[in-house]
Every structure is written in C-alpha cells, then in structure tokens.
Amino acid sequence: MEEKGEQKHKFEMSRRNFLRAGATATALGVIGAIKAPVKVANAAVPSNVKFSAGAAGQWSKLHPEPDYGGATVRYAENNDQWLGTSKIVGTVKNISEADMGFALAARGLISDKAQRGFFNFVPKHPFGGAISWARTWIASEDAVDGQPAPEKLPIPDPEQMSQHIKDAAYFLRADEVGIGKMPPYAYYSHKIINPALLVHNPVEQCVKPFTERLPYVIVVMVDQHLETMLASTGYDGISASQSMRSYHATGNIAIILAKYIRSLGYHARAHHAANYGAVMGPCILASGLGELTRTGDCALHPRLGFRHKVAAVTTDLPLVPDKPIDFGLQDFCRVCGKCADNCPSGAITHDKDPVEHNGYLRWNTDMKKCTEFRVANEEGSSCGRCMKVCPWNSKENSWFHQAGLFIGSHGETSSKFLKSIDDMFGYGTEQIEKYKWWLEWPELYKVAPGLPPNPAAPPATSK
C-alpha cells in the first residue's frame, strides 16, 4: 500500500509540475491558437462536403461564442451524402424504439439476466432511483406535447428567433444548445407504449406508430459533472445517477421550451429520456453539437466529450439551423481505441475504419453486449466507462487540456500524440478520491429475481 501511495504521489507531482510549465505550451506552438474560442479551419476535407463559417445567427447573447475547449472546428453543409462527417451510403431507415438496446433487454432478446436487470438497474442505487423517479413526472404526453395556441403571436425574423431560443435554453441552465434541420430518419418509426408490456406480449402489441415530421430540431445538452466522473470507475454506483441527472435536467428544459413555442402558436414536441419520439444521435449531429465516435451512435462534443446527455424539441417555429461540425474526430477515433481497450463488456470494436450500418458509415459497437453489462452490472449501476476514459473529456480547465484538444483536432499524427499524452498522465484510468462524495451499497447491486407483471395494454394510436 505504501508503494502504491508513493507512486500516486510521484504521478500527481509530475502532472502539477508539467501544468506549471507554461513554456511547454509555447513549445507545442498552441498557446496563440487556443486563445480564440472559435477556430474555423480550411483543412482538406472530402470533396463532396462543403465547409463554411457558421451563420450569423448561430450564437446567442448569453453565450455569444461557442466554447469548443480548444479544438479547431470546421462547419459543414447538410447534403444528401453526408450528415456532418457521417457519410450516407444508402437509404437510412427509421427504426423502432422496440429495437433499441434496452428494449431488446426487456423483450428477453439478449439474456434472461439482462431482462431481469433492465427493470431495476437504475433504482438499485437509491440516489439514481430518486432522480429517475423525478423523470417520470415529466414523461406524460401532456408534458411533452400538445396543441399550439390558435393564433400565432408576432415573432422576430428566424435569425433573431434562433438566438432567442438559445438564450432561453441557456437561461434554463443548458450547457450547450444547437438548432438543426431535423433529419426525417431521426424519428422513430414506432414508439413503445410501456416497456413492461415487452416482457409478456408480442412486440406489435407494445408499440404505436410515430408519425410526426417537423422541419427543425433544438437540442439541449447538459454536462454529467466533471468531478464526479474523475472520482468514479465509470461503472460503480454513481454511473446511472450521472445519466439521470442530465436526463432530468435536459428533459425539464425541453418540455418548457416546447410549451413556450406552442404558446407562440407553433407546433413543438419535447423528446427526452422518459419519452423519446426521436433518436438523439443524428439530432446532435444536425445541430452542430458533435460527431459520431468509435462507440457507434454516441456523439461526442469537442469540449464535453461523452460527458453529456441531451433532450430535443422538434418544431415548425421558423429558425436558422446551425451547421454540423467537424473537429477531426474521425481521424482521432481511427487511431485511439482507448474506449475499446477499456470497455468492461468488450462491446466496442477495434476496427480501424467505420463500416456500413443502416445506410450510413459508423463504427459498429455490439449493442447487446453493451446493454447486457449496463443492465446486469453487479459492481454498480449502469456504465459510463467509455465516457470516463475518452481523451476528449476535457478534465480540469487549464491551458494544457485546451492544448490537448487543439492537437487532437489536427489529423491522425496529432491524434496519436494526444493519446500518448493522455496515457502518460493516466487520464481515464484513475479515481481521484477527493471528489468522491456519494455512497456505495454493493449489497444492492445484484440482479434481482423475477419480472414485472403484465400490465393492460392500451390501444395503439397513430401518434
């Protein structure tokens, strides 16, 4: 124990000494580059993707400039072949919510243990259960949707309205906000009526068609809390609580924004973790808040990394969409693989390049392996290990970490350098005890026996 403590002390000292050495950043040639919060680069990009600066109405009054944490960002036009840096190679089909990972667990299509674990994997930690319980109060159809006011109020032009909506979201404590053209394939084809129905009934009796199609999507993003992540293993008792914290916060923002927009006389529906009608990955990309990663359909923000959850509002309120972004993440994920190396379920691929999936290119994680570990984890509640180890989580706020993100956004060679720095300091593989504030109850983490009873299935509707 003394030897381990001595090594930890030396490790911390070397980091502090390194961070004090501002001359090191000058030697890396990045201090000047990372001072400006927005950097639009003219790097080589695919010839069929048009890059240009963001629209004048892209930012808000409360957050007049985006905070990318030091990364160099390019802005991409939406077209039929690309969504940001995700290449579309065929027809992208709308998917059913019943075919997502947690629903497959509830249906018994992963394993018996995963099916039993699904219904208690969050509330088995009392704090996560308390936050999840609070989410249920904003899950009803009356909370997320409704008829717009019969008369439209006068509103500013779409550019000013976009700024105003972002300011409203920031006022409601969002950490990041983006507006996108809503990809029609981002909607679910069918919604689950009640997850408990999936255990005992044919899937056709457990879903209803989801027919909404609106032109714009507003995405709100909330940080999962840096210090908590630094103290966690990524899959201990607090993991699900981190998700629930941000799900609850973004859900509250989304239902308020949607209600506000309906009060102006326009259609608006909130989509949050207790009542989704849309897949959040393509919504994040369309709204200029991230790129897809090695972990499949998970999108990463250049400053927050994976350390976020989102909710969305789809609407026909006239808005100016933001542009999708490219900060070099495809190059980075191609050479890093740290999430794959550290995934406790072995779900994340080590493939060098993305492959085709449902009409677009992505790295294909094993959704069933990932889900099974998250719902049947007996060392904690759920899992966020990929979030924990990813070098794009910006760690402490310092010039050193801003410099790291600047380096990581400049191609494969620079990406290898960033990963080597990350490994050298042990980021993602340490638990900083001074930040650990929560309690653990390992005796509660075993997967409980039994399944929920069969609830009465309401008739399916068309919305």
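Structure notes:
- Within the stretch 383-416, restricting attention to residues that are more than 19 Å from A340 (Cβ to Cβ) and in contact with a His (Cβ under 9 Å, 6 or more places away or on another chain), the residue that is modelled with the highest pLDDT is K395.
- Exactly one residue out of E396, E412, E440 is under 30 Å from P123 (Cβ atoms), out of contact with any strand residue (DSSP E or B) (no Cβ under 6 Å at 6 or more places or on another chain) and among the charged types (D, E, K, R), and it is E440.
- Out of M221, M229, M161, M182, sole residue that is over 24 Å from N94 (Cα atoms) and within 19 Å of the chain's Cα centre (by Cα): M229
- Single match in V355, V313 (criterion: of a type in the set (V, I, T) and either on the phi > 0 side of the Ramachandran plot or touching a residue at least 12 places away in the same chain (Cβ under 8 Å) (or both)): V313
- Any hit, the stretch 296-303, residues being touching a Leu at 6+ places or on another chain (Cβ under 7 Å), without any contact (Cβ under 8 Å) to a residue 60 or more places away in the chain and small (G, A, S): yes
- When N201 is tested against (1) farther than 30 Å from L451 by Cα; (2) surrounded by fewer than 23 Cβ atoms within 10 Å (Cβ to Cβ), only condition (1) is not met.
- Residue within the stretch 432-445 that is of a type in the set (D, E, K, R) and without any contact (Cβ under 8 Å) to a residue 24 or more places away in the chain present: yes
- The set of residues in the stretch 227-252 that are touching a Phe, Trp or Tyr at 6+ places or on another chain (Cβ under 6 Å), under 17 Å from S382 (Cα atoms) and surrounded by fewer than 24 Cβ atoms within 10 Å (Cβ to Cβ) comprises L230, A231.
- Filter result (modelled with pLDDT of 95 or more, surrounded by fewer than 23 Cβ atoms within 10 Å (Cβ to Cβ) and either among the β-branched types (V, I, T) or assigned to a helix (DSSP H, G or I) (or both)) within the stretch 208-226: T211
- Against the conditions (1) buried (at least 24 other Cβ atoms within 10 Å of the Cβ); (2) assigned to a loop (DSSP other than H, G, I, E, B), A312 satisfies every one except (2).
- Within the stretch 316-346, the only residue that satisfies the criterion of being out of contact with any Gly (no Cβ under 9 Å at 6 or more places or on another chain) and among the basic types (K, R) is R334.
- Total residues in the stretch 71-93, condition touching a Lys or Arg at 6+ places or on another chain (Cβ under 8 Å) and assigned to a loop (DSSP other than H, G, I, E, B): 5
- You will find that of C370, C383, the residue that is buried (at least 17 other Cβ atoms within 10 Å of the Cβ), touching a Gly at 6+ places or on another chain (Cβ under 7 Å) and part of a loop (DSSP other than H, G, I, E, B) is C383 and no other.
- Condition met for G117 (closer than 24 Å to G305 by Cα, part of a helix (DSSP H, G or I) and either of a type outside the set (F, W, Y) or at pLDDT below 95 (or both)): no
- Of all residues in the stretch 392-422, those satisfying the criterion of being under 20 Å from E227 (Cα atoms), out of contact with any helix residue (DSSP H, G or I) (no Cβ under 6 Å at 6 or more places or on another chain) and crowded, with 20+ Cβ neighbours inside 10 Å are W392, N393, H401, L405, D422.
- Count of the stretch 160-197 residues, restricted to those that are acidic (D, E) and in contact with a Pro (Cβ under 9 Å, 6 or more places away or on another chain), is 1.
The values are calculated or read from the model by the stated rules, or taken from the named source; none is laboratory data. Just so it is clear, the model here is predicted, and its values are computed rather than measured. FYI the Cβ positions are ideal-geometry reconstructions off the backbone, even for glycines, and counts take in every protein chain you see.
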